Amino acid sequence: MSPKNQLSISVIIPVKNEGQKIQACIDGILKQTIKVKEIIVIDSGSTDRTIEILKDYPIVKLIEIPPAEFNHGATRNLGIQNALGEFILCTVGDARAYDEFWIEGLVKYFDTEKVAGVCGFQAVPHERDKNPIEWFRPQSEPSIRRHQFSPPQEFYKLSSKKRKEACGWDNVTAMYRKSVMLEIPFRKTVYGEDPQWALDALLSGYELVYNPEARVYHYHLETPEYTYLRTITTLYHRYKFFDFIPKTHSTSLKIKLSWLKTLFKTKEISWQEKWKWFQYNSAVSNSSTKAVNQFLEVFAKGEKALDEFHSKVCNKPPIPSKAKLN
């Protein structure tokens, strides 16, 4: 590993209409203890102030593509192909660094040539327009997880749950060795390019590292409709790649009481807001329950029925809303 001041890091950020958050994203990168070589932003048809804001940053290399050409895997590969750095940092335009040690927390675990990537953690900030049930409240010291299999086929001796966990990769905060990315690019896919890449890397014999201390702030307010679609397509891909089958889902009284307890202790919001957030969490949880149980119903009918159901319901990747809670 090169000394800190000699590291060569390219940042890849796909964006569309992130005018409200892209400045915080870029500024957070520029305040890191480890400096980056370039920030490559791939814009797929922004109609707000995103491009105008990006032009204020000399370090940003802007690539513009038509909206129809965006693809979660292929678009990031385009950025990597244009990158000059030895390491690739992937994030998104509506995420921002948790602190100035984010990049340092990713870089330091490239301690052997077999480490293909290091993944961090998404945290929800304590802000009134973010779901207080999800606010970042660490209960214990985070631990480093490392995954490598020798021979790689040992991966398939894990349970489906453990396979899923080993590939719980996240391109909101992940760093890669560029040489590995040229060997194992992201698959061209409409959803889940990150866990699919993790699977490919592990089956190629590489090591993956998870460091929960390498944090970014990131949050989407989910509508019930978005939660339903995201849950269906997530379950579908987890089954296809890891043979993971969920259990039937329901929101127990115990869970609802825990929400009430958390909201009661949250002094930063009013009682009216607490009630709205309780209703919000109930609605989103109901959508998740509906999705899981419907997935299982269709799964019981066979592979063909499941493929047809997913194709019909999720014919395009779910897009989170930028709306706020009323």
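Among the conditions (1) open to solvent by 30 Å² or more (accessible area, probe 1.4 Å); (2) touching a residue at least 24 places away in the same chain (Cβ under 8 Å), the only one that MET175 does not satisfy is (1). In the set (1) over 27 Å from the mean Cα position of the chain (by Cα); (2) under 21 Å from GLU127 (Cβ atoms), the condition left unmet by GLU297 is number (2).
Taken as a whole, the condition of being open to solvent by 10 Å² or more (accessible area, probe 1.4 Å) and in a strand (DSSP E or B) applies to GLN122.
Taking the criterion of being surrounded by fewer than 20 Cβ atoms within 10 Å (Cβ to Cβ), without any contact (Cβ under 8 Å) to a residue 60 or more places away in the chain and not charged (D, E, K, R), the residues of region 21-51 that qualify are GLN23, LEU30, SER44, GLY45, THR47, ILE51. If the condition is being surrounded by 16 or more Cβ atoms within 10 Å (Cβ to Cβ), closer than 29 Å to LEU7 by Cβ and in contact (Cβ under 8 Å) with a residue 60 or more places away in the chain, then region 125-153 contributes HIS147, GLN148. From the list ALA68, ALA74, the lone residue that is open to solvent by 10 Å² or more (accessible area, probe 1.4 Å) and free of Cβ contacts under 8 Å to residues at least 12 places away in the same chain is ALA68. Within region 154-168, if we keep just the residues that are in contact (Cβ under 8 Å) with a residue 12 or more places away in the chain and out of contact with any His (no Cβ under 6 Å at 6 or more places or on another chain), the residue that is nearest to ILE269 (Cα to Cα) turns out to be GLY168.
Give me the pairs: first residue in region 85-100 and over 21 Å from GLY19 (Cβ atoms), second residue of a type in the set (Phe, Trp, Tyr) and open to solvent by 20 Å² or more (accessible area, probe 1.4 Å), beta-carbon distance under 7 Å, and six or more apart or on different chains, which are they? If the second residue must be of a type in the set (Phe, Trp, Tyr) and open to solvent by 20 Å² or more (accessible area, probe 1.4 Å), the pairs left are TYR98/TYR217.
Of everything in region 278-325, what is over 14 Å from PRO224 (Cα atoms) and outside any helix (DSSP H, G or I)? Give them in sequence order. Result: ALA300, LYS301, GLY302, CYS314, ASN315, LYS316, PRO317. Against the test of being modelled with pLDDT under 95 and of a type in the set (Lys, Arg), the options LYS16, LYS4, LYS21 yield a single qualifying residue, LYS4. Looking only at residues in region 192-233 that are of a type in the set (Ser, Thr, Tyr), assigned to a loop (DSSP other than H, G, I, E, B) and surrounded by fewer than 20 Cβ atoms within 10 Å (Cβ to Cβ), the one that is modelled with the lowest pLDDT is THR223. Output the residue which, of all residues in region 294-326 that are under 29 Å from LEU253 (Cα atoms) and modelled with pLDDT of 95 or more, is surrounded by the most Cβ atoms within 10 Å (Cβ to Cβ). Here the answer is PHE295. The set of residues from region 258-293 being open to solvent by 70 Å² or more (accessible area, probe 1.4 Å) and without any contact (Cβ under 8 Å) to a residue 24 or more places away in the chain comprises LEU260, LYS261, PHE264, LYS265, LYS267, TRP271, GLN272, TRP275, GLN279.
Within region 209-225, being touching a Lys or Arg at 6+ places or on another chain (Cβ under 7 Å) and not β-branched (Val, Ile, Thr) holds for TYR210, TYR217, TYR219, LEU221.
The values are calculated or read from the model by the stated rules, or taken from the named source; none is laboratory data. The structure displayed is predicted, hence computed values, not measured ones. Please note: Cβ atoms are built from the backbone with ideal geometry, for glycine as well, and neighbour counts cover all protein chains shown. All accessible areas refer to the heavy atoms of the entire protein, side chains included, with ligands and DNA or RNA removed. Shrake-Rupley method; radii C 1.70, N 1.55, O 1.52, S 1.80 Å.
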